[in-house]
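Peer 1: I am attaching a structure below and will ask some questions about it afterwards.
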Amino acid sequence: MKSFGYAAQDKSSPLAPFNFDRREPRPDDVVVAIDYSGICHSDIHQVRDEWGGSIYPMVPGHEIVGRVIAVGDKVEKFNVGDLAGVGVTVQTCMVCENCLAGEEPYCTKGMVGTYNAKDYDGNVTYGGYANNIVAPEHYVYSISPKLNLAAVAPLLCAGITTYSPLHHWKAGKNKKVGVVGLGGLGHMALKFSHSFEAYTVQFTTSESKINDALKLGADEVVISKDAEHMAKHTGTFDLIIDCVSAPHDINAYINLLRLDGTMCLVGLPDQPASISPFSIITNRRSFSGSMIGGMKQTQEMLDYCAEKNIVADIELIGYDRLPEAYERVVKGDVKYRFVLDNKTLKS
Ligand code: NAP
Ligand code: ZN
């Protein structure tokens, strides 16, 4: 199937228009004409090969929304014309215990990413900075027409990646939750934690974001560079979700956990983190991580957002502004997710 979009040809050139082929749809496939695609910091890490092993040419994008334009014979949930979304995962083995438990990102065979990955058939996957995408029905989500479609796109990665650990560690009433970093993931973590009625503290390095954090649902905002302010929270948090994209001092946050509290990393800096044994044994603390979320939970999150009217705060841009958007994301200067408008995508 013919496709076109924007690709990185190597780790340093700007993304440029690119014509490519996707597989012909199979009986269980859905073809989505993409309307909007979010820009995740993971796109930048991978385009710039910061994690190693990047495959070029690379069409990034795993926060994808649009309309169904074709369905295979075996597709049951979708019809042509339906709104649909595709996230970070487009294939898993479906038979291992993790897949059977609805935890597909932890598939023991290895989940296939929406881009920069090899599918089980050996073909490289291409993501959402493009006019269309093909994916098996199991990895395609229903989107409510009630929500602003462009602002739904970031829910497919930033949304589920924060919703999932908040659920897992039972963020809710009488729990104190910290969110580190007010970017794409951080602002969704903040919205969800607030919506789950946890007492939510936003940590940020940016004084300019204090008012926004309060408006987005923070009960308190802490400037993480202020050691005195940080120390006031020592030993009080049930859960801290760390959404930071660059190396930083993890122990400063671990020290804020109460007895049996958990620090969960979702951010993926390109350097290993160092943990002080004294920080972690004190209060029997746990240090953990979480990767996106299962397919069933992603649909549940989207339905929850439709019910509660939750979407991302976005800056909608054209493809001509991709280089500027990448620079601003790296500087922590986005309010709070860039989304590409496919009306500006020309073959
Ligand atoms: P983002 O929009 O760039 O947000 C990152 C935030 O981190 C910034 O807004 C900034 O917040 C803070 N920050 C940046 N540099 C910092 C530094 N040097 N020191 C301290 N704080 C800093 O990124 P994102 O799209 O939300 O993604 C965040 C991370 O999650 C990325 O590494 C991405 O690859 C990863 N990710 C993981 C998963 C998963 O499944 N686990 C899924 C998606 C993304 P303040 O200005 O508030 O300090
Ligand atoms: Zn992402």
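Peer 1: Label-point separation (nm) for VAL95 and ASP121, each offset 7 Å from Cα along Cα-to-Cβ?
Peer 2: Computed distance between label sites VAL95 and ASP121 equals 1.9 nm.
Peer 1: If you restrict to DSSP beta bridges whose two residues both lie in the chain, what percentage is antiparallel, to the nearest 5?
Peer 2: Looking only at bridges with both residues in the chain, the antiparallel portion is about 55 percent.
Peer 1: By the scheme Lys and Arg +1, Asp and Glu -1, what is the net charge of all other residues having a beta-carbon under 11 Å from that of MET58?
Peer 2: Charge balance near MET58 sits at -1.
Peer 1: Then there is this: When ligands, DNA and RNA are left out and all protein chains stay put, how many square angstrom of accessible area per residue does region 29-133 have with a 1.4 Å probe?
Peer 2: Ligands and nucleic acids excluded, the result is 38 Å² per residue.
Peer 1: Can I ask one more? When only C-alpha pairs under 8 Å and at least 6 residues apart count, what is the relative contact order of region 242-323, in percent?
Peer 2: 28 percent
Peer 1: Modelling each spin label as a point 7 Å along the Cα-to-Cβ direction, I'd like the LYS225/ARG321 distance in nm, to one decimal.
Peer 2: In this crude spin-label approximation the distance works out to 2.7 nm.
Peer 1: Continuing with the same structure: To the nearest 20 debye, what is the magnitude of the charge dipole of region 54-204 about its Cα centre, counting +1 on the Cβ of each Lys and Arg and -1 on the Cβ of each Asp and Glu?
Peer 2: 600 debye
Peer 1: Also, I was wondering about something else. How large is the charge dipole for region 207-334, taken about the Cα centre, if only the Cβ atoms of Lys, Arg (+1) and Asp, Glu (-1) carry charge, to the nearest 20 debye?
Peer 2: The dipole of region 207-334 has a size of about 400 debye.
Peer 1: Next question, about the same structure. Using the 2.2 N^0.38 Å rule of thumb for compact globular proteins, work out how region 237-296 stacks up: its C-alpha Rg over that value, please.
Peer 2: On the way: Rg = 11.9 Å, N = 60, 2.2 N^0.38 = 10.4 Å.
Compared with the compact-globule rule of thumb, region 237-296 sits at 1.14.
Peer 1: Pick from MET230, MET301, MET291: which residue has the top mean-square fluctuation in a GNM of the chain where Cα pairs under 10 Å get a spring?
Peer 2: Fluctuation is largest for MET230.
Peer 1: Over the chain, what is the relative contact order in whole percent, taking alpha-carbon pairs under 8 Å and six or more residues apart?
Peer 2: Once divided by the residue count of the chain, the mean separation gives 18 percent.
Peer 1: Evaluate E = 1/(1 + (r/R0)^6) for SER288 and LYS74, where r is the Cβ-Cβ distance and R0 equals 45 Å; express this FRET efficiency to the nearest 0.05.
Peer 2: 0.75
Peer 1: Turning to a different aspect of this structure: Toward the positive end of the charge dipole of region 58-204, about the Cα centre and with charges on Cβ (Lys, Arg +1; Asp, Glu -1), which of SER195, HIS167, LEU156 goes farthest?
Peer 2: SER195
Peer 1: Relative to the present Cα-Cα distance, how much length would full extension add between LYS308 and THR205 at 0.36 nm per residue of separation?
Peer 2: Between LYS308 and THR205, full extension yields an extra 34.2 nm.
Peer 1: At most 13 other Cβ atoms within 10 Å plus a DSSP loop assignment makes a site exposed; report the longest stretch of the chain without any exposed chymotrypsin sites (Phe, Trp or Tyr not before Pro).
Peer 2: 121-347
Peer 1: Explain nothing, just the number: dipole magnitude of region 1-55 about its Cα centre with +1 on each Lys and Arg Cβ and -1 on each Asp and Glu Cβ, in debye rounded to the nearest 20.
Peer 2: On the way: 6 positive and 9 negative charges, 22 e Å.
Magnitude of the dipole: close to 100 debye.
Peer 1: Hydropathy at least 0.5 by Kyte-Doolittle, axial extent at least 27 angstrom from the Cα trace: which helices of the chain, defined as entire DSSP H runs, fit? Kindly include the intermediate steps, with their values, before the conclusion.
Peer 2: Numbers: long enough: none.
The qualifying helices: there are none.
Peer 1: Carbon and sulfur together cover what percent of the accessible area of the chain at a 1.4 Å probe radius?
Peer 2: 51 percent
Peer 1: Just subtract the alpha-carbon distance of GLU24 and SER276 from 0.36 nm times their residue separation and send over the number in nm, one decimal.
Peer 2: 85.6 nm
Peer 1: If you don't mind, another one. Express in nm, to one decimal, how much length is gained between LYS2 and SER144 on full extension, taking 0.36 nm for each residue of separation and deducting their alpha carbon distance.
Peer 2: Length gained between LYS2 and SER144: 48.3 nm.
The values are calculated or read from the model by the stated rules, or taken from the named source; none is laboratory data. Being a predicted model, the structure only gives us computed values, none of them experimental. Ideal geometry is used to build each Cβ from the backbone, glycine not excepted, and the neighbour counts take in all protein chains shown. Just so you know, the surface numbers come from the protein's heavy atoms only, side chains and all, with ligands and any DNA or RNA stripped out. Shrake-Rupley method; radii C 1.70, N 1.55, O 1.52, S 1.80 Å.
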